[in-house]
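Notes follow once the structure below has been shown.
The values are calculated or read from the model by the stated rules, or taken from the named source; none is laboratory data. Predicted model, so just to flag it, every value in this text is computed and none were measured. We place every Cβ from the backbone using ideal geometry, glycine too, and count neighbours over all the protein chains shown.
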Amino acid sequence: MSEPVVALGSTDEEYVPDPWARYGWLLAAIWLIFLGFPAVEVIQRTSDHPVLRVALLTLLVVFGIVYVLAFLTGQKALYCGWTRTAYLQVFGGAVVLVVIMALESLLIGVETLGMSAFLAALAAFSFPGRWSIAGVAAATIGSGALLSFSDLLADLWPLLLLPLLIGSFGLLIRTLTLSDERRQTLQRTLAVAAERDRVARDVHDVLGHSLTVISLKADLAERLIDIDPVRAKGEVTDIQRLTRQSLAEIRATVAGLRMARLSDERDSAAAALRDAGIEAQLPEDGDVVDPGLRITLAWALREAVTNVIRHSGARHVDVLWGPTWLEVVDDGHGLRGRREGSGLTGLRERVRQSGGRIEISEGMPGRHGPGTRVRVDL
């Protein structure tokens, strides 16, 4: 059973696994009830030897402590990564358990095999990788081999079921737990990727539109500075306002707070197209659009208008919208086999997440080409 290591840090303070792993000692301690059977056997057989009784009972206590410590060390190593010390403590602990079982068996015989359940549990829950399966198999096979040399096989054969059942149960629980952790890790990875895509998409849309408008106004101000200083000053003021607005939008986008408004985008698009010298016809009534779809359509309007200003060479643009759709049509160059840029790719992803689709086709024929039609249906 191959396992990935979920690295949560190398110190106890950084080791903060899920509650299942945090309270794993309960899973280890629950099996300690089986130590009651060899303890009762020791007490019954050492009624005339108090020193031997104390020694053997002490060994049982040591057995339980070593078992729990090795169990928890292995659990932690599964999350934080295996080190040489962890290997030594877990496998060394298993060896100590076998030695104590052997010493106890000198008095109570094969009934000590009931303690093999601890070896199976330790292997199933705390051994690394495929060693867990090997450990459960070794505990079961070893118990069977020792029991076969006694005369009590017919009476004590159920003892073989203890390591087999407990080990199988442990391996099943471990497999389910690791599968759930892999699923959670994958979900977190996908969430991070989705958030990264969202930020990249939003930053592109915000900066692409804002920088395009700022560039247009800067060019216009440069041309007007000698012939109409007052108007040029107004354009510079607009540039300052747009710069501050863009900065605020970027901050809000990174924080996940920005929500585009269709009415605002309509006004911004009208101003940008006017500054670019493009005649535009835009609808006035944004209330006809479904309120739940306005944010997505606002982003679509921003990206489509930005592309018209940057790439189309259009002289005229018509913007239309309805309850669940938006259409931007220009009389520019058209696609003419050109590949879509990152802006349209991001817009397609945004629309797809909203359950919609984008169609791009020829628009209004103009002097420079067949034009472009961008239609978004949600």
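Quick notes on this one:
- In region 129-151, of all residues being exposed (fewer than 15 other Cβ atoms within 10 Å of the Cβ) and under 22 Å from Leu97 (Cβ atoms), the one that is modelled with the highest pLDDT corresponds to Ala134.
- Residues being among the hydroxyl-bearing types (Ser, Thr, Tyr) and within 35 Å of the chain's Cα centre (by Cα) - total across region 82-113: 3
- Residue within region 273-293 that is under 29 Å from the mean Cα position of the chain (by Cα) and either closer than 24 Å to Leu378 by Cα or at pLDDT 85 or above (or both) present: yes
- Subset of region 342-378 [without any contact (Cβ under 8 Å) to a residue 24 or more places away in the chain and in a loop (DSSP other than H, G, I, E, B)]: Gly355
- Residue in region 349-362 that is among the basic types (Lys, Arg), at pLDDT below 85, within 21 Å of Leu262 (Cα to Cα) and buried (at least 21 other Cβ atoms within 10 Å of the Cβ) present: yes
Residue-wise test of (1) among the basic types (Lys, Arg); (2) closer than 22 Å to Thr345 by Cβ; (3) modelled with pLDDT of 85 or more.
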{"site": "Leu257", "(1), (2), (3)": "no, no, no"}
{"site": "Leu297", "(1), (2), (3)": "no, yes, yes"}
{"site": "His311", "(1), (2), (3)": "no, yes, no"}
{"site": "Asp318", "(1), (2), (3)": "no, no, yes"}
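- Residues that are under 38 Å from the mean Cα position of the chain (by Cα) and either without any contact (Cβ under 8 Å) to a residue 24 or more places away in the chain or part of a strand (DSSP E or B) (or both) were ranked within region 314-336; the one that is nearest to Glu284 (Cα to Cα) is Trp321.
- Checking Val66, Val90 one by one, the residue that is surrounded by 15 or more Cβ atoms within 10 Å (Cβ to Cβ), out of contact with any Ser or Thr (no Cβ under 7 Å at 6 or more places or on another chain) and touching a residue at least 12 places away in the same chain (Cβ under 8 Å) is Val66 and no other.
- Filtered residues of region 212-231 (kept if in contact (Cβ under 8 Å) with a residue 12 or more places away in the chain and not charged (D, E, K, R)): Thr212, Val213, Ile214, Leu216, Ala218, Leu220, Ala221
- Qualifying residue in region 55-68 (condition: part of a loop (DSSP other than H, G, I, E, B) and either in contact with a strand residue (DSSP E or B) (Cβ under 7 Å, 6 or more places away or on another chain) or in the same structural domain as Ser126 (by TED's automatic domain parsing) (or both)): no
- Pick from region 25-38, criterion modelled with pLDDT of 80 or more and buried (at least 18 other Cβ atoms within 10 Å of the Cβ), ranking: farthest from Leu69 (Cα to Cα): Pro38
- Scanning region 279-319 for residues that are under 23 Å from Gly341 (Cβ atoms), in contact with a strand residue (DSSP E or B) (Cβ under 6 Å, 6 or more places away or on another chain), among the β-branched types (Val, Ile, Thr) and surrounded by fewer than 24 Cβ atoms within 10 Å (Cβ to Cβ) turns up just one, Val319.
- Filter result for Leu326 (buried (at least 20 other Cβ atoms within 10 Å of the Cβ) and among the hydrophobic types (A, V, I, L, M, F, W, C)): yes
- Conditions (1) modelled with pLDDT under 85; (2) of a type in the set (Asp, Glu); (3) within 28 Å of Gly313 (Cβ to Cβ): number failed by Asp267: (1)
- Any hit, region 108-127, residues being free of Cβ contacts under 8 Å to residues at least 60 places away in the same chain and surrounded by fewer than 22 Cβ atoms within 10 Å (Cβ to Cβ): yes
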